[in-house]
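None of the figures in this text is laboratory data; all of them are computed from the coordinates on show. Keep in mind it's a predicted model, so treat the numbers as computed, not measured. FYI the Cβ positions are ideal-geometry reconstructions off the backbone, even for glycines, and counts take in every protein chain you see.
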Amino acid sequence: MPKYKIAWLPGDGIGIEALEAARIVLERLALDAEYIHGDIGWQFWCQEGDAFPARTIDLLKHVDAAMFGAITSKPVKAAEAELAPALKGKGLTYRSPIVRMRQLFDLYICLRPCKAYPGNPLNFKEGLDLVVFRENTEDLYSGVEFSPVPAELCGTLSALSKPFSVFSSLPGDEYAISCKINTRRGSERIVRAAFDFARKFGRKKVTVVHKANVVRATDGLFFETAKQVAKDYPEIAMDDANIDAMTMWLLKNPFNYDVLVAPNLYGDIISDLCAQMVGGLGFGCSGNIGTKLAVFEPTHGSAPKYAGQYKCNPIATILAAKMMLDWLGETAKGQALEDATAAVIAEGRVRTYDMGGSNKTLDVAHAVAAKL
Ligand SMILES: NC(=O)c1ccc[n+]([C@@H]2O[C@H](COP(=O)([O-])OP(=O)(O)OC[C@H]3O[C@@H](n4cnc5c(N)ncnc54)[C@H](O)[C@@H]3O)[C@@H](O)[C@H]2O)c1
């Protein structure tokens with residue numbers, strides 16, 4: 001029996017090619033694992049009306065970890081139009097499988113390390129090493145949304161909220177409401193995860209990102225909770241910044257920051273910004289981590305225009321595999337994989353188009369594997 005069961009979820013477009021690359025390096029490391037394919041993505045929406053079929057959900061209940069490529073998502077009406085004729089008009093609504101996965105398996109930590117590997121021509125500045133902790137299940141991603149707005153909700157909000165009076169006379173189909181829901185528990189556990197990480201890896205500071213001066217209820221709760229949690233980690237400095245200012249400061253003085261923690265949407269924004277500072281979509285790796293399951297992925301999407309061309313940079317996905325190895329406790333293999341990847345980047349002989357080269361996706365994987 002292999003030591004680990006890994007769900008293997010390629011998804012769509014370049015997700016398939018990137019995962020193929022990651023598999024080459026994992027096989028080379030001889031990880032004692034069984035890789036079990038899971039169906040996910042656009043094809044399953046079109047054919048079955050579910051991009052994240054029940055059999056894949058069941059698979060994820062029985063594995064140690066998962067590697068996920070990328071999926072194609074489309075707006076509700078475009079998604080409905082591509083359904084198989086027999087499924088049309090049945091009230092099926094497309095929902096992003098990755099958002100569902102995060103909520104269903106309570107993968108509450110979105111961990112996004114952003115490191116500038118020496119010699120990467122895409123680095124904004126050499127030496128950057130930022131780590132973003134994004135809350136992954138709440139906030140504006142809670143899925144509580146209304147469009148059109150039902151009359152009962154309009155009535156309730158009119159009775160409870162003075163600022164709502166500006167909207168209360170609008171017809172329900174002239175506005176929409178998306179709820180930002182943050183809990184004390186959800187805020188506490190993501191902030192604690194950030195501080196625990198800082199303590200474990202000797203990081204000096206955690207920066208809490210919010211907009212509590214304007215979004216007072218939800219971000220206020222997040223920030224107040226963060227301040228309480230910080231008291232348990234006296235050796236680690238804490239500061240905070242509004243999300244808007246944060247994007248400026250990150251570009252201006254990126255070396256002032258170390259570990260960043262934020263509610264879901266702000267975390268999404270700053271992690272993309274940080275990823276861009278260390279090479280962009282070809283370098284952004286991510287772990288969706290819960291207490292029982294963790295799913296690792298590149299942060300890029302399916303890039304349909306490059307699908308099937310083996311042009312994409314697989315380094316984000318290879319680094320996601322490194323994160324998975326660390327999470328499984330295979331830290332020596334994780335370190336070896338990171339060192340090999342860093343060596344390929346530094347040498348600069350094998351590069352995909354985004355790094356100014358002409359190599360193919362699997363050339364990079366083979367180059368990394370050859371260093372292992
Ligand atoms: N987690 C996910 O699965 C995920 C994330 C983002 C977008 N999406 C979906 O992916 C589809 C395409 O979205 P998009 O075009 O906005 O974003 P995308 O990340 O797929 O690609 C945008 C562009 O970035 C570049 N790029 C992306 N990954 C790259 C890589 N590894 N190497 C080199 N260049 C790379 C390409 O030029 C590409 O056209 C949409 O359907 C979107 O909903 C999925």
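Quick rundown of the values:
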read-out: Total formal charge among the other residues, if their Cβ is under 9 angstrom from that of Ala116, Lys/Arg +1 and Asp/Glu -1; value: 0
read-out: The chain - share of DSSP beta bridges that are antiparallel (%, nearest 5); value: 45 percent
read-out: Radius 14 Å from Cβ of Ile14, net charge of other residues (Lys, Arg +1; Asp, Glu -1); value: -2
read-out: The stretch 95-149: trypsin sites (Lys or Arg not before Pro) in DSSP loop, at most 15 other beta carbons within 10 Å; value: Lys125
read-out: Principal axes of the chain: Cα extent on each, largest first, Å; value: 66, 59, 42
read-out: Label zone at Lys292, where the point sits 7 Å out along the Cα-to-Cβ direction: the stretch 60-101 residues whose backbone N lies under 18 Å; value: 60-67, 100-101
read-out: Computed magnitude of the charge dipole of the chain (debye, nearest 20; Cβ of K, R +1, Cβ of D, E -1); value: 360 debye
read-out: Distance (nanometres) between label positions extended 7 Å along Cα→Cβ at Asn253 and Ala81; value: 4.9 nm
read-out: 14 Å beta-carbon shell around Asn213, net charge (K/R +1, D/E -1); value: -2
read-out: Diffusion coefficient, µm² s⁻¹, Stokes-Einstein with Kirkwood Rh over alpha-carbon pairs of the stretch 213-336 at 10 °C and 1.306 mPa s; value: 94 µm²/s
read-out: Gap separating the Cα centres of the stretch 233-289 and the stretch 333-372, nearest whole Å; value: 25 Å
read-out: Inter-probe distance in nm under a simple model that places probes 7 Å from Cα toward Cβ, at Lys205 and Gln335; value: 2.8 nm
read-out: Fewest-first sequence of Val63, Val132 by Cβ atoms within 10 Å of each Cβ; value: Val63, Val132
read-out: Candidates Gly127, Gly279, Gly155, ranked by Gaussian network fluctuation over the chain, Cα under 10 Å, top entry; value: Gly155
read-out: Partnerless Cys - the chain, beta-carbon criterion under 4.7 Å; value: Cys46, Cys110, Cys154, Cys179, Cys285, Cys312
read-out: Near-label residues of the stretch 55-70 by backbone N, under 13 Å of a point 7 Å along Cα→Cβ of Ile36; value: 55-67
read-out: Ranking of Lys211, Lys292 by count of other Cβ atoms within 10 Å, fewest first; value: Lys292, Lys211
read-out: The stretch 189-211 and the stretch 16-87: distance between their alpha carbon centers, rounded to Å; value: 31 Å
read-out: Dipole in debye (nearest 20) - the stretch 196-346, about Cα centre, beta carbon charges: Lys, Arg +1; Asp, Glu -1; value: 100 debye
read-out: Order of Thr331, Thr225, Thr183 under a 10 Å beta carbon neighbour criterion, fewest first; value: Thr331, Thr183, Thr225
read-out: Per DSSP, loop chymotrypsin sites (Phe, Trp or Tyr not before Pro) in the stretch 144-241 with at most 12 further Cβ within 10 Å; value: Phe201
